[in-house]
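S.K.: Once you've had a glance at the structure underneath, I'll fire off some questions.
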There are 2 protein chains.
Amino acid sequence: MGNLLDKIQFPADIKKFSIAELETLAQEIRERLILTLSKTGGHLGPNLGVVELTLAMHYIFDTPADRFVFDVSHQAYVHKLLTGRRDRFDTIRQPGGLNGFMLRTESEHDSYGAGHAGTALSAALGMAVARDLAGGKEHVIALAGDAAFTNGISFEALNNISDQTRRLILVLNDNEWSIDRNVGAIARYLHKIVTNEHVTHLHESAARLLERFGGKTAVNVVRRAEEAAKGLLWPSVFFEEFGLTYYGPLDGHNIGLLIETFKFLKQQDKPVILHAITQKGRGFQPALDKQKKFHGLGPYDPETGDTKPAGQRTYSEVFAETLVKLATENEKVVAITAAMPNGTALDLFRPHHPKKYFDVGIAEEHAVIFAAGMATRGYKPFCAIYSTFLQRAFDPLVHDVCLQNLPVVFCMDRGGLSGDDGATHHGLFDISYMRGIPNITHMVPKDEDELADMLYTAMLHDGPAAVRYPRGTGPGTAVKSHPVALPIGKAEVIRDGDEIAILGLGALLPMAEELADRLLEQGHSAAVINPRFVKPLDRELLASYAARVTAIVTFEDHVLMGGFGSAVLEALNEMNFDLPVIRIGWPDRFIEHGKVEQLRARYGISVEAAMEKLAPYLKRRTAKRLVAR
Amino acid sequence: MGNLLDKIQFPADIKKFSIAELETLAQEIRERLILTLSKTGGHLGPNLGVVELTLAMHYIFDTPADRFVFDVSHQAYVHKLLTGRRDRFDTIRQPGGLNGFMLRTESEHDSYGAGHAGTALSAALGMAVARDLAGGKEHVIALAGDAAFTNGISFEALNNISDQTRRLILVLNDNEWSIDRNVGAIARYLHKIVTNEHVTHLHESAARLLERFGGKTAVNVVRRAEEAAKGLLWPSVFFEEFGLTYYGPLDGHNIGLLIETFKFLKQQDKPVILHAITQKGRGFQPALDKQKKFHGLGPYDPETGDTKPAGQRTYSEVFAETLVKLATENEKVVAITAAMPNGTALDLFRPHHPKKYFDVGIAEEHAVIFAAGMATRGYKPFCAIYSTFLQRAFDPLVHDVCLQNLPVVFCMDRGGLSGDDGATHHGLFDISYMRGIPNITHMVPKDEDELADMLYTAMLHDGPAAVRYPRGTGPGTAVKSHPVALPIGKAEVIRDGDEIAILGLGALLPMAEELADRLLEQGHSAAVINPRFVKPLDRELLASYAARVTAIVTFEDHVLMGGFGSAVLEALNEMNFDLPVIRIGWPDRFIEHGKVEQLRARYGISVEAAMEKLAPYLKRRTAKRLVAR
């Protein structure tokens, strides 16, 4: 095992391989993926699906001169294995190791970073137009899954391609799944093409043709394969209306056929789309059996695919279970996801309320405006969208929901540092992008039970509300049988104290408590406050503490710039309080991937950092006391 | 004139009119529009184009029970005239008067507010699904221009419609123009349908048919017209692939035909799209001759369409002229607009650098990712997008540009209160949504010449940069023959002083100067600072003043929450300064339309407000001085 793979340093190394060797290499790559990811976790299914596609692309094109743009780019592991990163492949998604997505700073072979869906066509078109302006000769190849076409940006790009360049290769990697099974008209349309009998026939005969001539000289192969490729031409009205010449559907695991097709496409003087049919999880039965699970996951058994039994319930699960309850007692409650029923746990909601469940595809903007439309008719839509993906729907949030003061609830999963996925998935900006918008109520729960209360509070509130909760598990607090409504804009005093007031937002409340314990050990009395509401902020409580304490400390799992601590500064400023405020949160830089605890320590999101910053004020206070005594 | 129109209080009043009377009414409405808007200004062209469409919709459907959703809704003036707002129509876009867009708080006939394009299908689908869930019978009709289909959200909605409802009526108001002539594949596709000879023939014969039977009894008309409508059926593969049954193209000014077609469509048990061809500016020759000018404009001569000669150059014009210069000397400079060449003044750039000019349609997300793609290849894209519309591209700004630290320049026109257009067009949030994002440089010029310098600075800067400038004209400062580079993150001291430091951001610098004058009159010495950079903030200068003044005042044409003043608070906090900061800016609420000066006065964006807030600190200082003497 690994005989061929271990010879490869750069893509040029595979160009002398025969088709048979490439097929062996594909097998070796699959084994490497299955074994490595069983330890590191990662996007196994998508990468098993694109082994041959990636090999064929690197066989025909030459990166870094030619530019590959992968949509989302969670399917770039094979590309990483082939582009000088094989030796470090076991560090993928590990602290200090390779990123799980394409990253421009990681390799010159990574033309474009991604992490959010639907961007590949636009970025690739930009590169193609740049090439045309500069008189370059390089090729630009965008690889996008079928799910990318549920996203509006892909269409905005499609609408521009044929006007702006004559050379662009689009590869539609069609596995009928993104993370969950795709929804909507486009998915149905692609399925119709794929299952068309005539297409199937053409496809098979082309494959046979290539098989027969595959062993002959290169000249022969090219000529025959061009014929094969032309034979595969199946006019797709849909893409052709956008001015792209359509080729396919093609078996995305037939490496010889792919190579010959790319050879043909490389010579076209017009924008083209290749429709390749692939199988997500190919070569690993557990991944074929459980597509959703193996889209992206943690460590597993490389033989059986088994993962460790789930422990404590995640915030996502508590969210979904609570929403099931709310929708049962309130007929106006509906749930909306943008292609993340698994990630948001709304797949637990669906069987209970199938008619009140809406998966709209990777279409965050539509999701929010659709929700606003429902809200105008008395419904109470809960949009479950990760904090980082809600950035996509920022304008609908402002313009459709908040401006019209409609009661849409934003359930922002992955609020805070997301960990292994890295900068593209951290949810570190939602307070700063949302706080300036009038009418919104922004809440952050301290634990699972409070999440349930906040969802209930949002349901009762007649206006836009957002609830932000972290990835994974919380403290494990038991959830009450029925949530209670929280008073809007009221914080919770966890313990009183009169020297320091510590506000610990959400997941960082334990840090606030630990800081208070430490202070107590040193003889300082500290209050611990669970703010609950970023907006509206509990000014009354803040004022009562500001009037009597020496300093205030804020903890937030968010950037400091424009964050929760900044809201505290503004409130104190407006109420004319002058006292030291120590703000603990993320600095003004993008944070790499890694373990949450390690990254927090590295960037000073810690009790130690707070103690250090607080020290001068403690001394002063101690000094005053000594004088007073 | 006005005989029929003045009889109409509510839509029910037109339902007894004959076709001939409706045609007269259409004429009266056109006259009213031309005359009223000649005084108030407004979106004349689009409204002249939808007179018959709006009449026919109100003739067949019953608002407010039935729901009309107008995309952008700048074409809702006729709807406003028919729905209880005729008496106040001359107040449109005037302070305290009718809003220029649909507004839920203005009338129960306004189902959904808008102002940004591409939202109508999503909102309408939300309403249709809500109706289906609630078992309602009402109709939902979305009216969208062809330009809405250059926007991705429309496609996200299209992709969901046929899965989610069986009853939704889409009206495609096709005038081949939005604000400028439309771009891209969809526009070409629609044009192809419209110019198809067979279609033209069908269309003409249907019109003749209706004309012939128009005078007969209602029963006859319905039957014949249904036949006519069916005869018009022209299968549009494109829309039908999305599961919508397509009817059209239809003469959007033939009111009899429209009425009979809506009657037919009302009975369909499937989502339908009606493709109506209209003429923007119909009935007013100047508006037909100059489509762009009459899309939306200020007062004009109702006979000739003449407007007052343009005075001083606008910020937009200075931007475009500067960019022409920059692109001439730097081959890597390119300009991108999202369907606003006129509004952003990039139409002045185009003739100079046609190959470096890109209009991508109403596709802000694509525009920014396309720019990012070009930037990876060494280009320097200037994206000219209004502050409020850049909200659309917030995720691309974060995820594609800033995260990858690519040198894309955001030229944010209409930064600050926009005035007549109202809340949908004010650019009051860009500091708060942008400041938390690492890597971005955010600049605000004090005048036209500094705008040129900032664009030049942005061109030289190797990273993302945003320049925010207001609508309309500035102080009229002459622009140097060649811009100079400003040191990044350095503010400009306009005048020194040692009691108060006043920071006046951009357009509000004159307020800072006026405040300083007033203070001086009272014997207080005030420094006036032009901050230039919101990010990075000039901390050094801030520290030097914080160390010696009694108080700091900030002025910004932006919401206070998360705004420039908040950035000052954060910096002072981090540098451990404790001194009063008076922040002047917009409060935490959406601001209505009106005259900028009036609204500023109303909401305390004024020298008076600053004086009042500053008073307590001045007294203290005065008292101290007295003691010191």
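The values are calculated or read from the model by the stated rules, or taken from the named source; none is laboratory data. What you see is a predicted model; the values in this text were computed from it and never measured. Positions of Cβ are backbone-derived with ideal geometry, glycine not excepted, and every protein chain shown enters the neighbour counts. The protein model used for the area step is the full one, side chains on, heavy atoms only, and it has no ligands, DNA or RNA in it. Shrake-Rupley method; radii C 1.70, N 1.55, O 1.52, S 1.80 Å.
S.K.: So how far apart, in nm, are the two label points at B:ALA615 and B:LEU288 if each is 7 Å from Cα heading toward Cβ?
M.R.: 6.2
S.K.: Still on this model: Looking only at chain B, where both bridge partners belong to it, what percent of the DSSP beta bridges are antiparallel (to the nearest 5)?
M.R.: 15
S.K.: Another question, if that's okay. Please report, for A:GLU592, the nm distances (one decimal) from its label point, 7 Å out from Cα along the beta-carbon direction, to the equivalent points in the remaining copies, shortest first.
M.R.: 5.4
S.K.: Over the stretch B:420-532, what is the percentage of antiparallel beta bridges among all DSSP beta bridges, to the nearest 5?
M.R.: If we restrict to bridges inside the stretch B:420-532, about 30 percent are antiparallel.
S.K.: On to the next question. Can you pull out the trypsin sites (Lys or Arg not before Pro) in the stretch B:431-520 whose DSSP state is coil and whose Cβ has at most 16 other Cβ atoms within 10 Å?
M.R.: Qualifying residues, ordered by number: B:LYS480, B:LYS490.
S.K.: Hey, another quick one. Which one, A:LEU537, A:HIS253, B:ALA527, projects farthest toward the positive side of the charge dipole computed for the protein assembly as shown from Cβ point charges (K/R +1, D/E -1)?
M.R.: B:ALA527
S.K.: Here's another thing I want to ask about it. So if we plug the beta-carbon distance of A:ASN405 and A:GLU331 into 1/(1 + (r/R0)^6) with R0 = 22 Å, what FRET efficiency do we get, rounded to 0.05?
M.R.: 0.50
S.K.: Which whole number gives the average count of other chain Cβ atoms within 10 Å of the Cβ atoms across peptide A:434-443? Before the final figure, lay out the partial values.
M.R.: Working: counts 3, 8, 16, 10, 11, 3, 1, 0, 0, 0.
The shielding value for this peptide is 5.
S.K.: With the cut-off at 20 Å, tell me which of the pairs B:LYS332/B:LYS356; A:LYS292/A:LYS332; A:LYS325/A:LYS480 have Cα atoms farther apart than that. Could you put the intermediate results ahead of the total?
M.R.: Details: B:LYS332/B:LYS356 9 Å; A:LYS292/A:LYS332 29 Å; A:LYS325/A:LYS480 12 Å.
Beyond 20 Å: A:LYS292/A:LYS332.
S.K.: Averaged across A:557-568, how many Cβ atoms of other chains sit within 10 Å of each residue's Cβ atom?
M.R.: Numbers: counts 0, 1, 4, 4, 9, 13, 3, 0, 2, 10, 3, 2.
The shielding value for this peptide is 4.
S.K.: Another question about this same structure. Counting Lys and Arg as +1 and Asp and Glu as -1, what is the net charge of the other residues whose Cβ lies under 13 Å from the Cβ of A:ARG468?
M.R.: Details: positive: A:ARG414, A:ARG435, A:LYS446, A:ARG471, A:ARG532, A:LYS535; negative: A:ASP413, A:ASP430, A:GLU450, A:GLU556, A:ASP557.
So the environment of A:ARG468 carries a net charge of +1.
S.K.: What shape does the stretch A:1-82 have by the C-alpha gyration tensor, where a ≥ b ≥ c are the square roots of the eigenvalues, rounded means a/c under 1.5, and otherwise prolate means a/b greater than b/c and oblate the rest?
M.R.: oblate
S.K.: Using a simple charge model, +1 on the beta-carbon of Lys and Arg, -1 on the beta-carbon of Asp and Glu, nothing else, what dipole does the stretch B:244-308 show about its Cα centre, in debye to the nearest 20?
M.R.: Using only the charged Cβ atoms, the result is roughly 220 debye.
S.K.: Express as a percent, rounded to the nearest 5, the fraction of DSSP beta bridges in the protein assembly as shown (both residues included) that run antiparallel.
M.R.: 15
S.K.: Put a point 7 Å out from Cα along the line to Cβ at A:GLN27; what are the distances to that point in the other copies, in nm, shortest first?
M.R.: Taking the point 7 Å beyond Cα along Cα→Cβ, the inter-copy spacings are 8.5 nm.
S.K.: Leaving out ligands, DNA and RNA, and with a 1.4 Å probe, what % of the accessible surface on the stretch A:440-557 is carbon or sulfur?
M.R.: 52
S.K.: For the rotation taking chain B to chain A, which residue of B has the Cβ nearest the axis, and how many Å away is it?
M.R.: Of all Cβ atoms in chain B, the one nearest the axis gives B:GLY152, 1.
S.K.: Taking A:PRO95 in one copy and the same position in all the others, each labelled 7 Å out along Cα→Cβ, what are the pairwise distances from the first, in nm, shortest first?
M.R.: So the label point of A:PRO95 gives 6.0 nm to the other copies.
S.K.: Okay, next question. Using the Cβ atoms and a cut-off under 11 Å, what net charge is assigned to the surroundings of A:ALA546, where Lys and Arg are +1 and Asp and Glu are -1?
M.R.: The answer is 0.
S.K.: Something else now. Pulled fully out, how much extra length does the chain show between A:ARG495 and A:LYS16, if you take 0.36 nm times their separation in residues and subtract their Cα-Cα distance?
M.R.: 165.4 nm
S.K.: Turning to a different aspect of this structure: How charged is the neighbourhood of A:VAL324? Take every other residue with its Cβ under 12 Å from the Cβ of A:VAL324, and add Lys/Arg as +1 and Asp/Glu as -1.
M.R.: Around A:VAL324, the surrounding residues sum to -1.
S.K.: Right, another one. Run through the stretch B:128-172 and list the trypsin sites (Lys or Arg not before Pro) located in a DSSP loop whose Cβ has at most 12 other Cβ atoms within 10 Å.
M.R.: Qualifying residues, ordered by number: B:LYS137, B:ARG166.
S.K.: Okay, moving on. Please give the charge dipole size of the stretch A:462-573, origin at the Cα centre, charges +1 on K and R Cβ atoms and -1 on D and E Cβ atoms. Round to the nearest 20 debye.
M.R.: The dipole magnitude comes to about 360 debye.
S.K.: Could you tell me which of rounded, prolate or oblate describes the stretch B:497-583, using a ≥ b ≥ c as the square roots of the eigenvalues of the alpha-carbon gyration tensor, with rounded for a/c under 1.5 and, failing that, prolate when a/b is larger than b/c and oblate otherwise?
M.R.: Note, shape of the stretch B:497-583 comes out oblate.
S.K.: Taking 30 Å² as the minimum loss, tell me which residues in the stretch A:106-146 lose that much accessible area going from the chain by itself to the full protein complex (1.4 Å probe).
M.R.: A:TYR112, A:HIS116, A:THR119, A:SER122, A:GLY126, A:MET127, A:VAL129, A:ALA130, A:LEU133
S.K.: Semi-axes of the equivalent ellipsoid of the protein assembly as shown: what are they in whole Å, largest first, if each equals the square root of 5 times a C-alpha gyration tensor eigenvalue?
M.R.: Calculated on Cα positions only, the semi-axes equal 46, 42, 30 Å.
S.K.: Could you work out how much longer the chain between B:GLN27 and B:GLN267 gets when fully extended? Use 0.36 nm per residue separation minus the Cα distance between them, nm to one decimal.
M.R.: 83.5 nm
S.K.: Report, to two decimal places, the Cα Rg of chain B normalised by 2.2 N^0.38 Å (N = number of residues).
M.R.: 1.07
S.K.: Could you run the numbers on buried accessible area between A and B, total for both chains, 1.4 angstrom probe, in Å² to the nearest 100?
M.R.: Buried area (both sides, nearest 100 Å²): 8600 Å².
S.K.: For the protein assembly as shown, with the dipole built from +1 on Lys and Arg beta-carbon atoms and -1 on Asp and Glu ones, taken about the Cα centre, which of A:LEU37, A:PRO11, A:ILE440 lies farthest toward the positive end?
M.R.: A:ILE440
S.K.: Using modelled amide H (1.01 Å from N, peptide plane; none on Pro or chain starts), what sits under 5 Å from the amide H of B:HIS461, excluding residues fewer than 5 places away?
M.R.: none
S.K.: Below 8 Å between Cα atoms, with a sequence gap of 6+, how large is the relative contact order for chain A in percent? Present the calculation step by step, with values, prior to reporting the outcome.
M.R.: Working: 1301 pairs, mean separation 67.4, N = 629.
Computed value for chain A: 11 percent relative contact order.
S.K.: Can you tell me which lysines have their Cα less than 19 Å from the Cα of A:LYS263? Leave out same-chain residues fewer than eight positions away.
M.R.: A:LYS15, A:LYS16, A:LYS137, A:LYS216, A:LYS230
S.K.: Still on this structure, I have one more. Please list the non-local residues whose amide H lies under 5 Å from the amide H of B:ILE582, H modeled 1.01 Å from N, same-chain partners needing a gap of 5 or more.
M.R.: B:ILE552, B:VAL553, B:THR554
S.K.: What FRET efficiency would be calculated for the residue pair B:LEU520, B:SER544, taking the C-beta separation as r and a Förster radius of 22 Å, to the nearest 0.05?
M.R.: About 0.60, to the nearest 0.05.
S.K.: So, one more: Which whole-number value in Å² is the accessible area per residue of the protein assembly as shown, probe 1.4 Å?
M.R.: Counting only protein heavy atoms, the per-residue value for the protein assembly as shown is 33 Å².
S.K.: Bin width 5 Å, alpha-carbon pairs only: give the P(r) of the stretch B:308-369 as whole percents, running from 0 to the bin holding the largest distance.
M.R.: Percent of pairs per bin, in order: 4, 19, 27, 23, 17, 7, 3, 1.
S.K.: What shape does the stretch B:348-500 have by the C-alpha gyration tensor, where a ≥ b ≥ c are the square roots of the eigenvalues, rounded means a/c under 1.5, and otherwise prolate means a/b greater than b/c and oblate the rest? Intermediate results must be reported in sequence, preceding the final value.
M.R.: Working: a/c = 1.38, a/b = 1.31, b/c = 1.06.
Because its axes are fairly even, with a/c under 1.5, the stretch B:348-500 counts as rounded.
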